[in-house]
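The values are calculated or read from the model by the stated rules, or taken from the named source; none is laboratory data. It should be emphasised that the depicted structure is a prediction, and the values quoted were computed from it without experimental measurement. Here the Cβ positions follow ideal geometry from the backbone for every residue, glycine too, while neighbour counts run over all protein chains shown. To get the accessible areas, we keep the full protein, side chains included, count just its heavy atoms, and leave off ligands, DNA and RNA. Shrake-Rupley method; radii C 1.70, N 1.55, O 1.52, S 1.80 Å.
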Amino acid sequence: MILTWLTGKPRNAMSMLQKPIDDLNKKEKVYLEKAAIKVEEAEEHRRENSKHRVVHCLKIKVMYEGLAQNFRNLQLMVHDELILMERMKKEMIEALQAKDLTTKNKTTSDHVFIYISFLVLVLTYYIVSLYLAR
């Protein structure tokens, strides 16, 4: 714990997954900006009546949009992992609470058993002492 504090590392997996999500988001924005630039270039080439350059710019735009889509899909995968981790964490907490509850019930039943055993022992002692007193 002290080592993670000194090195500045995050403590839980949720904050560890936030950095890759942010990086993927930045890369997606970069490729979308590049695609927008290619659209503008295609417009300029269209005004110059250069069909080959227009088609080339649009192909590159489609490639950039595909890369942005890939980064978006990766973000969704990381979000799914985050949701899965949260669900597992919740289930683990519920299981531990249920175990704690059963442990408390078991402890209570153990106490009841001890009290009943003590009561039987006292009654037995009382009966034996009455029997010996006759």
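Residues in segment 47-62 that are surrounded by 14 or more Cβ atoms within 10 Å (Cβ to Cβ) and in a helix (DSSP H, G or I): Arg53, Val54, His56, Cys57, Leu58, Ile60, Lys61.
From the list Glu86, Glu91, Glu43, pick out the single residue that is loosely packed, with under 14 Cβ neighbours inside 10 Å, touching a residue at least 60 places away in the same chain (Cβ under 8 Å) and part of a helix (DSSP H, G or I). Result of the check over Glu86, Glu91, Glu43: Glu86.
Determine whether segment 116-126 contains at least one residue that is open to solvent by 100 Å² or more (accessible area, probe 1.4 Å), farther than 29 Å from Ile21 by Cβ and modelled with pLDDT under 65. Yes, some residue in segment 116-126 is open to solvent by 100 Å² or more (accessible area, probe 1.4 Å), farther than 29 Å from Ile21 by Cβ and modelled with pLDDT under 65. Among the conditions (1) under 34 Å from the mean Cα position of the chain (by Cα); (2) loosely packed, with under 13 Cβ neighbours inside 10 Å, Arg72 misses just one, which is (2).
For segment 82-99, state whether one or more residues are modelled with pLDDT of 80 or more, closer than 19 Å to Leu24 by Cα and in contact with a helix residue (DSSP H, G or I) (Cβ under 8 Å, 6 or more places away or on another chain). The answer is no, given that none of the residues of segment 82-99 is modelled with pLDDT of 80 or more, closer than 19 Å to Leu24 by Cα and in contact with a helix residue (DSSP H, G or I) (Cβ under 8 Å, 6 or more places away or on another chain).
For segment 64-81, the tally of residues that are touching a helix residue (DSSP H, G or I) at 6+ places or on another chain (Cβ under 6 Å), among the aliphatic types (A, V, I, L, M) and over 11 Å from Pro20 (Cβ atoms) stands at 2.
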